[in-house]
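Accompanying notes for the structure given below.
Please treat every number below as a calculation from the coordinates, not as lab data. Since this is a predicted model, take the numbers as computed values, not measurements. We place every Cβ from the backbone using ideal geometry, glycine too, and count neighbours over all the protein chains shown.
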Amino acid sequence: MTPDLSQLTIASARKHLDAGDFSAVDLAQASLDVIKQKDADIHAFLEVFDDVLEQATHADEMIKAGKSQQLTGIPLALKDNMLIKGKRVSAGSKILEGYVAPHDSTLAVKLKEQGAVIVGRTNMDEFAMGSSTEQSAYGPTKNPLDTSRVPGGSSGGSAAAVLMNAVLGSFGSDTGGSIRQPAALCGIVGLKPTYGSVSRHGLIALGSSLDIIGPFAKTVEDTTMLFEAIKGKDWHDTTTVDETSHPSVTPSPKRIGVPRKFLEENKLADDVQADFDAALQRLTDLGYELVDVELPNVHYSVPTYYVVLPAEASSNLARFDGIKYPSSPVGHDEQAGLIENYSKVRGAGFGPEPRRRIMIGTYVLSSGYYDAYYNRANAVRRAITKDFTDAWKQCDAVVTPTTAGPAFKMGEKMNDPVAMYLEDIFTVSSNLTGMPAISVPSGTVVRDGVNLPLGLQIIAPHMGEKSIFEIGKKFENK
Ligand code: GLN
């Protein structure tokens with residue numbers, strides 16, 4: 001049979017590949033055909049690799065030799081901030097244009113060991129700053145459901161690649177919501193794993209205490225398969241942990257918390273509220289007990305994040321000085337002094353949003369302001385974490401809408417950074433606490449005559465991925 005990616009999941013493709021119904025090369029060719037047909041319009045990919053069929057041939061050899069693993073021969077895509085040895089990687093920025101990864105990320109090592117087929121690198125907001133994928137230096141990605149709308153961001157290319165059936169799964173990074181928000185806006189599943197459960201080695205850093213790599217897929221089952229393949233301790237990243245470090249997670253969740261007061265403070269459009277209410281009803285019908293939880297400090301999440309994140313981003317981006325990494329747009333001027341070169345390269349290489357955050361971050365970290373802003377934000381961060389730790393005494397998971405609304409029009413929020421920042425109002429708290437959260441499609445609302453998806457976010461205690469997979473699976477099948 002000829003594989004049709006729109007009819008396949010990772011789980012079903014696995015069965016067909018192992019049964020010999022089609023080969024990994026057939027599947028990779030089908031993926032390339034979809035990209036050729038659709039990506040000129042969508043622009044999910046910054047690059048489609050030239051060795052896709054070779055990778056697939058290798059996967060077929062593994063399958064023939066009886067050495068097939070979960071992801072052998074499965075076409076996947078990686079966000080443009082994850083290193084694959086010998087391939088270009090730019091974090092959506094001009095400052096890294098033409099840069100070639102000198103080594104593999106731990107993610108790439110694991111996927112290669114599995115024999116997965118990495119089709120290409122996907123578009124993203126520059127340095128993963130943004131919620132729409134319009135802030136890429138290489139042009140925006142469009143939402144395949146309605147090309148006048150954004151796919152969400154910053155991992156919008158990875159979400160669009162799955163939605164347009166170019167690949168069966170993909171990876172993004174989530175620092176404040178960049179996997180869950182585009183998953184919701186594209187109507188697919190996206191997981192932000194527990195901080196430290198997936199190695200960040202070879203991920204271009206944005207906010208080191210917030211960043212995590214996670215999967216996008218069409219189903220919770222596929223998402224679980226992708227997460228299982230990439231998680232685990234890694235000596236390259238000393239913040240990594242495994243299940244043994246959090247043995248107390250409830251095996252089977254029963255009670256689900258709803259932060260009603262927080263949700264009331266952020267009044268949703270009637271149809272978005274109706275979708276969330278229907279989701280709560282579905283959870284009740286599935287036998288879960290809903291309880292009200294107080295998260296008294298969670299409404300400080302966005303302002304807290306926008307102090308902590310720029311502080312970390314400004315120091316992480318300091319390494320891009322035009323000397324340690326090549327900078328194609330301007331290059332190095334031998335005649336000029338060091339400082340002059342720095343400002344020339346950084347001024348031309350960084351787009352407006354990285355520049356804005358470098359300014360804010362440098363300000364909040366400067367002596368005299370450090371205590372007033374950065375340390376204060378860290379204190380609030382601890383208070384938000386305590387809110388959730390208290391909530392876990394009452395429930396096994398917390399649910400919210402993933403976003404306050406569906407995919408918005410391209411350009412709508414580009415001149416209003418705060419409106420863009422508020423896209424993450426429900427997602428950033430999980431990055432501040434390090435707790436895992438998933439977005440699962442919950443329903444649709446109509447805008448301009450188009451059905452646009454919404455997501456339900458399910459948050460669990462540290463290392464509680466099993467709980468959110470269990471709830472997510474039942475929810476999506478209900
Ligand atoms: N939208 C948020 C930001 O702009 C989150 C980004 C992310 O998760 N990478 O920082």
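Some notes on this structure:
- Tail weight of P(r) past 23 Å, computed on alpha-carbon pairs of the stretch 272-423, percent: 59
- Given 267/386; 67/112; 79/142; 64/473, the pairs whose alpha carbons are separated by over 21 Å: 267/386; 64/473
- Available extension along the chain between residue 266 and residue 376 is 37.2 nm, counting 0.36 nm per residue and deducting the alpha carbon span.
- Prolate/oblate/rounded label for the stretch 278-349 (Cα gyration tensor, a/c 1.5): prolate
- Packing-based order for 48-54, 161-167, 443-449, using average beta carbon neighbours within 10 Å, highest first: 161-167, 48-54, 443-449
- Rounded to 0.05, the FRET efficiency of the residue 237 and residue 281 pair, given R0 = 35 Å and the Cβ-Cβ distance, is 0.30.
- Prolate/oblate/rounded call for the stretch 1-87, Cα gyration tensor, a/c under 1.5 rounded: oblate
- The chain - Rg (one decimal) and Dmax (whole number), Cα, Å: 21.4, 72
- Relative contact order, whole percent, for the chain stands at 18, derived from Cα pairs under 8 Å and 6 or more residues apart.
- Rounded Å value of the spacing that divides the Cα centres of the stretch 70-119 and the stretch 405-478: 25
- Length gained when the stretch residue 319-residue 415 is fully extended (0.36 nm per residue, less Cα-Cα span): 31.8 nm
- Cα gyration tensor category, rounded, prolate or oblate, for the stretch 79-192 with a/c compared to 1.5: oblate
- For the listed peptides 101-109, 172-180, 336-344, 429-437, a ranking on the average number of other beta carbons within 10 Å per residue, highest first, reads 172-180, 429-437, 101-109, 336-344.
- Kirkwood estimate for the stretch 102-157, i.e. one over the average of 1/r between Cα atoms, Å: 12.5
- Cα-based equivalent ellipsoid, the stretch 38-102: semi-axes from gyration tensor eigenvalues, Å: 27, 15, 10
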